[in-house]
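Visitor: Below is a structure I'd like to ask you about.
The values are calculated or read from the model by the stated rules, or taken from the named source; none is laboratory data. Nothing here was measured: the structure is a model prediction, and the numbers come from that model. Here the Cβ positions follow ideal geometry from the backbone for every residue, glycine too, while neighbour counts run over all protein chains shown. Heavy atoms of the whole protein, side chains included, go into the accessibility calculation; ligands, DNA and RNA do not. Shrake-Rupley method; radii C 1.70, N 1.55, O 1.52, S 1.80 Å.
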Amino acid sequence: MEKPTEEQAYTILEELRINYQRVDHEAIYSVRSYNADLPGPQVKNLLLKTKKGKEYYLVILPDEKAADLKLIATQLDSGRLSFASEEELDALMGVPAGSVTPFALTFDKQKRIQVVIDESVDHDDTVGFHPNINTTTLMIAFQDFIKVLEKVEHKPIYVQI
């Protein structure tokens with residue numbers, strides 16, 4: 001199966017007539033290790049899985065917030081959670097670690113990934129996501145992000161993390 005590309009992310013934005021601000025930067029592998037100033041509030045995207053790897057969650061939360069896996073598991077009423085391996089990232093989203101993005105959900109044809117958004121992400125502001133590569137961030141309005149999720153057929157759930 002073809003991997004998600006940067007061009008596919010731009011095609012989605014174009015098809016949905018979504019305005020964006022493009023910010024090119026050094027490769028970002030973790031928001032914790034990156035200290036450049038990007039415009040607007042930033043989020044982190046984590047691919048988590050249940051202990052037996054039967055359920056997967058793309059968790060989106062503000063970058064300054066700690067990912068309390070026990071709390072997230074409780075909120076999702078699931079068993080113990082852990083981070084998906086690089087092999088699972090590649091198999092489920094077609095992207096390497098550091099490039100996890102909702103734009104890669106086009107690769108999840110079997111809809112195995114549930115999108116989970118922390119309730120504290122501001123619905124009236126922008127969010128930034130990589131366009132399937134980690135050297136660019138695209139800033140879009142949160143409401144436009146929801147349109148992207150609809151396009152890739154992944155309805156989000158909201159939890160308080």
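Visitor: Out of (1) more than 18 Å from Val148 (Cβ to Cβ); (2) at pLDDT 95 or above, the odd one out for Thr135 is which?
Guide: (2)
Results for (1) open to solvent by less than 30 Å² (accessible area, probe 1.4 Å); (2) closer than 18 Å to Ile157 by Cβ; (3) touching a residue at least 12 places away in the same chain (Cβ under 8 Å), shown as yes or no for each residue.
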{"residue": "Leu47", "(1), (2), (3)": "yes, yes, yes"}
{"residue": "Asp77", "(1), (2), (3)": "no, yes, no"}
{"residue": "Asp90", "(1), (2), (3)": "no, no, no"}
{"residue": "Asp108", "(1), (2), (3)": "yes, yes, yes"}
{"residue": "Val115", "(1), (2), (3)": "yes, yes, yes"}
{"residue": "Glu119", "(1), (2), (3)": "no, yes, yes"}
{"residue": "Asp122", "(1), (2), (3)": "no, yes, yes"}
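Visitor: Can you tell me which residue in the stretch 51-74 is nearest to Asp118 (Cα to Cα), limited to those that are part of a helix (DSSP H, G or I) and either among the charged types (D, E, K, R) or more than 18 Å from the chain's Cα centre (by Cα) (or both)? Steps first, please.
Guide: So the first thing to find is which residues in the stretch 51-74 are part of a helix (DSSP H, G or I), and the list is 69-74.
When the remaining residues are screened for being either among the charged types (D, E, K, R) or more than 18 Å from the chain's Cα centre (by Cα) (or both), the result is 70-71, 74.
Values: Lys70: 14, Leu71: 12, Thr74: 13 Å.
By that ranking, first place goes to Leu71.
Visitor: Which one is farthest from Lys3 (Cα to Cα) among residues in the stretch 136-157 that are exposed (fewer than 14 other Cβ atoms within 10 Å of the Cβ) and touching a residue at least 40 places away in the same chain (Cβ under 8 Å)?
Guide: Step one: of the stretch 136-157, the residues exposed (fewer than 14 other Cβ atoms within 10 Å of the Cβ) are 143, 150, 153, 155, 157.
The next check asks that each one be touching a residue at least 40 places away in the same chain (Cβ under 8 Å); those that pass are 153, 155, 157.
Numbers: Glu153: 18, Lys155: 22, Ile157: 26 Å.
The residue in question is Ile157.
Visitor: Same structure again: Could you check how many residues of the stretch 93-111 are in a loop (DSSP other than H, G, I, E, B), at pLDDT 90 or above and touching a helix residue (DSSP H, G or I) at 6+ places or on another chain (Cβ under 8 Å)?
Guide: 5
Visitor: With (1) of a type in the set (Val, Ile, Thr); (2) at pLDDT below 95; (3) closer than 14 Å to Glu55 by Cα as the list, and Val116 as the residue in question, which single condition is left unmet?
Guide: Condition not satisfied by Val116: (2).
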